[in-house]
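Have a look at the structure below before the remarks.
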Amino acid sequence: MSEFELEMTVNGKPIHRRAKPHQRLLDFIRDDLNLTGTKEGCGAGECGTCSVFVDGKLIKSCLMPVAKAQGVQIETIEGLAPHGSDLTTVQKAFHKTGASQCGYCIPGMVMAATSALRENPDAGIEEIKERLGGNICRCTGYTKIFEAVEIARDVIAGKLSSTVLDADGAGKSYIGNNVRRLDAPSKVAGKLRYAGDMVMPGMLHMQVLRSPHAHALVKSINTSAAEALPGVACVVTAADVPGEDGFGVFVHDQPVMADDRVRYVGEAVAAVAADDVLTAKRALELIELEYEEIPAVFDVEEAMKKGAPVIHDYAAGNLVKHIPIRKGDIEKGFAEADLIVEQAYDTQPVEHAYLEPEAGIAFVDHDDVVTVISPSQNITHHRHMLAKIINKPINKVRFIMSPVGGGFGGKEDMIYQGILALATMKAGQPVRLVFTREESIISTAKRHPAQIKYKMGIKNDGRITAVSFEMISDGGAYGLSTEGVMRKAAILSCGPYDIPNVQIDTYGVYTNNTPSGAFRTFGAMQSQFATESHMDICAEKLGLDPFEFRRINMMRDGAVTHTMQTLGSVSIGRVLDAAEKASRWEKGPVGVRGSERKDVGGDDTRPPCTLGARFRKEEKNGRQEVA
Amino acid sequence: MLTCDKYHMPTSIPEALAIWQDAAEGSRLVAGATDILPWAREGRAGDVNLPAMIDLSRVAELQGYKVANGRVHLGANVVYQDFLTDETLRQHLPCMPFCSIWFADDQIRAQATLVGNLVNASPAADGTPPMLALNAELEIVRLDGKALKRRTIALSDFVKGPGKTDLQPDEIVTAVICDSLPGYGGSFQKVGQRRSLVISSACAVACIKMAEDDETVEDIRLALGGVGPVPVRLDDIEMLLRGKRITADLITQASAMPAGRVASRTRQEYRRTVVKGFIEAAILDALIECGVPLPNAAEVENAHV
Ligand SMILES: Cc1cc2nc3c(=O)[nH]c(=O)nc-3n(C[C@H](O)[C@H](O)[C@H](O)COP(=O)(O)OP(=O)(O)OC[C@H]3O[C@@H](n4cnc5c(N)ncnc54)[C@H](O)[C@@H]3O)c2cc1C
């Protein structure tokens, strides 16, 4: 690979360096110029975190070979408000509205917003949305971002005083007041360093070899050719674990890397630490692995049957956890009912899709303390587990939490920190691993897919007499948070309703699918989806207004939950009132209202797709046909 | 991850062709790189090392466009954003702004070329249906000894199947030449998983010219994409509508016709339903762009019952 001379101007400064032909502009900006405000969220042009200006036009630097940038003017997030100068109006507006949460998408968003207002200083909200369409955010739901761009537009145009960008007074209490985030300036300026932005002298780059099989025995691993490749510092496998292998949020059933068996596609089997990513990738190809595929199971009901492939020896029935809850007398409750409604509900796996793919950097310090820096959502627990795995006293293990570029539960599992620790201990040098988006999707936890069977007994007057709720969740190949998720799903299964007779069973089951784990609501989303859908279906069957049906059954102050907890104050009544008002709900059972839906459309609702509306002509009045 | 041994940036056609002819087997031409870079990732081609990449974006002859004799000559380096921002192009290619606004996003449109889109020959390519509707031809060049040898080929003959074209190993596409349709109303319909940055599950394009009376269709062009191995021109519907007074009944009749063209491998039923609505919407939207009153709205609604 022949290097070439590259000249360009970056943020006003002339640059003259050697570059490699395969580098993308993104790699050059981040790795060679150390301008890490420009992020990589997907590497495939989808997410927008890598947006930079090239000769004044915003482009995605992950899709531009660096050779294309010969002689051009580049402007990155760092160039918008150069060191020592004030933030730009757009950046200040992002700070003001709380538009930056995890912050990982924010440099790209600020760039897109800046571009939008440069292209059209008078852009309306629909055009702003259009022009930010190439940038993805997973925290904000975009509202605060759009609000920021509109404020910035009006301040720049002089229509709003720049004082709107100042902090609001907090008054006597922060509660109920608009308080700006302390960390926002570093995020809107692209200064905050996430784990993948960090570098250390002598740092090695890691690549991970992952299983192509859902269920297979690992017959042999030969790493000698990979180790012999120049530039490779070390190869690590399960054989390098000095202590007791196994991690998980509840049951420690997952090895740092597969030992004698792989249980899902994407499971780590070996890893290489080398001078650069390319060398590490080449070394992966030299690892000789012999697998013997064994029967796999991908369906929870199949997995629970006798004779199904057993995924973990300790759990012969493939059960991770069963949470049963009983209250009252379920038989009696159904016997009292005038109407019994049964329905099944299925949910699908969901990827967290935080904009920051997993990344970490590990090193052994001067006191032999093994240190891992990563966006872990659970560092203390990770520290304790890792100490056991690497057989060190707890004071020789340190976890540092880097800024989390979105987690949503997906970064609670110690999926890669152990591999980094083993490699840095073996190589004696700092090691960094940055996941690709594909790797993040294939190897990390998903929201549990659930199959729910709901049965509800109701009196004609709308009172619920009994509920039986059975949820079977696909935990995938390893336990991770499954136990806790099953617990929460069971606890919250019947929603905020006062039901005298309850029978609840949630099951987390092992399969050879991608492991399921924590995800915002931790199991409640699945059960609430079923419960609230069921409430609507039952209200319709009874001919009751769905709000009314809920009010009849809602818990009130002093209610006792089905886990026998007495509640001091219950807010569901106020929540229902607020939801009813905000949705402009027309009272009455569904299906009996007039043909015109007055609650649809109007204030605070989104118009249908307006893409390209700014180019369209006005529609003329329809032709009057003469009969 | 895409790697290459050499990255060339020729500035003229002869230089580009000479490098291309001598390039080792497996080398690739590059325009905006928006197809080629994502292609070399896990789940698609995986890690790929190319002997050489020959980047055409600095070739002078491929820049810009010319309008002459009722045709628009679009240099191979014309990118999608040009169809949105260039007044002249918007006037002569009235369906292209609507196609472009649905295409990827601001950033990618600044890089992605129309030619790259046509050569990539995805069944879901958004550029192919409009270009079929505009009777596009591709201008192609290769070296014959030292001489430049040029040929043109109709787009309908050029695209042969998913990822397959008539392009020969030593050839470079230099331009797309298509009808210039000022005075036509254009429209573009697209559906995918989300609004921005989405590959079409189905798309449709219409260009309509109305007669003086504002009611008779003087000319109409219709094409569909995403519904089979290659995008299709809907000549039968065009024939039905050309020269007719446009009525709600006629539009309904037309929109029922293309369902039979759906030949995708997946979601056929869905696409059949979508295509029906798309043809109607494409016609109505294009009529609005023509600045003519639409057939009586109530009548359109009734025609559905
Ligand atoms: C996030 C994202 C969103 C996208 N959205 C859309 C979308 O909405 N609709 C859509 O249709 N596509 C979409 N695409 C695909 C892609 O952007 C288009 O197909 C684009 O037009 C390709 O053009 P390019 O210039 O980038 O091509 P390149 O990637 O440079 O090249 C594509 C192919 O064409 C060949 N080629 C290029 N120029 C020439 C030439 N002059 N002569 C001969 N061969 C040539 C190359 O060798 C290559 O095989 C999207 C891509 C991404 C990454």
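The values are calculated or read from the model by the stated rules, or taken from the named source; none is laboratory data. In this text the structure is predicted, and so the values were computed from the model without any measurement. All Cβ positions, glycine included, derive from the backbone under ideal geometry; neighbour counts span all protein chains shown. Ligands, DNA and RNA are stripped out before the accessible areas are found, and what is left, the full protein with its side chains, is counted by its heavy atoms. Shrake-Rupley method; radii C 1.70, N 1.55, O 1.52, S 1.80 Å.
What separates the Cα centres of the range B:253-276 and the range A:604-620 is a distance of 26 Å.
Under 10 Å from the Cβ of A:Ala233, count the other residues' Cβ atoms, weight Lys and Arg +1, Asp and Glu -1, and hand me the total.
-1
Taking amide H positions as placed in the peptide plane 1.01 Å from N, state which residues far from A:Phe247 in sequence (5 or more) or on other chains have amide H under 5 Å from it. Here A:Asp253, A:Gln254 satisfy the definition. With every protein chain in place and a 1.4 angstrom probe, the accessible-area ranking of B:Met53, B:Met257, largest first, reads B:Met257, B:Met53. Would you calculate, for chain A, the mean residue ellipticity at 222 nm contributed by helices, counting each DSSP H stretch of 4 or more residues as -39,500 (n - 2.57) and dividing by all residues, to the nearest 500? Theoretical 222 nm ellipticity from helices: -7000 deg cm²/dmol.
Can you tell me the convex hull volume per residue for chain A, based on C-alpha atoms, in Å³ to the nearest whole number?
Measuring per residue, one finds 233 Å³ for the Cα hull of chain A.
Annotation: per residue accessible area for the range A:328-401 equals 47 Å², rounded to a whole number [probe 1.4 Å, protein chains only]. Figure note: A:Thr279, A:Thr143 ranked by solvent-accessible area, largest first, 1.4 Å probe, ligands and nucleic acids not counted: A:Thr143, A:Thr279.
How would A:His83, A:His322 line up by accessible area, probe 1.4 Å, largest first?
Per-residue accessible area, sorted high to low, gives A:His83, A:His322.
Charged side chains reduced to their Cβ positions (Lys and Arg at +1, Asp and Glu at -1) give the range B:69-148 a dipole of some 200 debye around its Cα centre. Residues of the range B:91-126 that bury at least 20 Å² of accessible area when the other protein chains are present, relative to the chain alone (probe 1.4 Å, heavy atoms, ligands and nucleic acids excluded): B:Phe98, B:Ile101, B:Trp102, B:Asp105, B:Asp106, B:Gln107, B:Ile108, B:Ala110, B:Gln111.
Could you tell me which trypsin sites (Lys or Arg not before Pro) in the range A:237-334 are loop residues by DSSP with no more than 15 other beta carbons within 10 angstrom of their beta carbon? Within the range A:237-334, the qualifying trypsin sites (Lys or Arg not before Pro) (loop, at most 15 other Cβ atoms within 10 Å) are A:Lys305, A:Lys306.
Across the accessible surface of the protein assembly as shown, with the other protein chains kept in place and a 1.4 Å probe, carbon and sulfur atoms take up 51 percent.
Note that the range A:1-90 presents 37 Å² accessible area per residue, ligands and nucleic acids not counted, probe 1.4 Å.
Near B:Thr216, within a Cβ-to-Cβ distance under 9 Å, what is the net charge of the other residues, with Lys and Arg +1 and Asp and Glu -1? For residues surrounding B:Thr216, the net value is -3.
Treating the beta-carbon of each Lys and Arg as +1 and of each Asp and Glu as -1, no other charges, what is the dipole magnitude of chain A about its Cα centre, to the nearest 20 debye?
1360
Sparse packing (at most 13 other Cβ atoms within 10 Å of the Cβ) combined with a DSSP loop state is found for the following GluC sites (Glu not before Pro) in the range B:194-239: B:Glu212. Surface calculation, 1.4 Å probe, protein heavy atoms: A:Asp368 sits at approximately 90 Å² accessible.
Return a whole-number percent for the relative contact order of the range B:2-55, with Cα pairs under 8 Å and 6 or more residues apart as the contact set.
The value is 61 percent.
Rolling a 1.4 Å probe across all protein chains gives B:Leu234 an accessible area of roughly 0 Å².
Using a Förster radius of 56 Å, what is the FRET efficiency between B:Asn135 and A:Glu540 based on their Cβ-Cβ separation? Nearest 0.05, please. E between B:Asn135 and A:Glu540, to the nearest 0.05, is 0.55. In the assembled protein chains, A:Ser493 presents an accessible area of approximately 0 Å² (probe radius 1.4 Å). Specify which residue in the list A:Gln73, A:Gly171, A:Ala490 is farthest towards the positive end of the charge dipole of chain A, using unit charges on the beta carbon of Lys, Arg (+1) and Asp, Glu (-1), about the Cα centre. Positive-most Cα among the choices belongs to A:Gly171.
The residues of the range A:1-26 listed by number as losing at least 10 Å² of accessible area in the complex, against the isolated chain and with a 1.4 Å probe, are A:Met1, A:Ser2, A:Pro21, A:His22, A:Arg24. Tell me, how many Å apart are the Cα centres for the range B:181-230 and for the range A:248-304? Comparing the Cα centres of the range B:181-230 and the range A:248-304, I get a distance of 48 Å. Entry comment: accessible area of the range B:60-179 is 36 Å² per residue, from protein heavy atoms only and a probe of 1.4 Å. Based on C-alpha pairs under 8 angstrom that are at least 6 apart in sequence, the range B:60-179 has a relative contact order of 28 percent. Using C-alpha pairs under 8 Å with a sequence gap of at least 6, the mean separation divided by the residue count of chain A gives a relative contact order of 13 percent.
Could you run the numbers on buried accessible area between B and A, total for both chains, 1.4 angstrom probe, in Å² to the nearest 100?
Approximately 4500 Å² gets buried when B meets A.
The trypsin sites (Lys or Arg not before Pro) of the range B:1-53 that DSSP puts in a loop, and whose beta carbon has at most 13 other beta carbons within 10 Å, are B:Arg44. Distance from the Cα centroid of the range A:72-142 to that of the range B:1-60 is 32 Å (rounded to whole angstrom). Measuring heavy-atom accessible area with a 1.4 angstrom probe and counting protein chains only, the residues of the range B:33-64 that give up at least 50 Å² relative to the chain alone are B:Leu37, B:Arg41, B:Glu42, B:Arg58.
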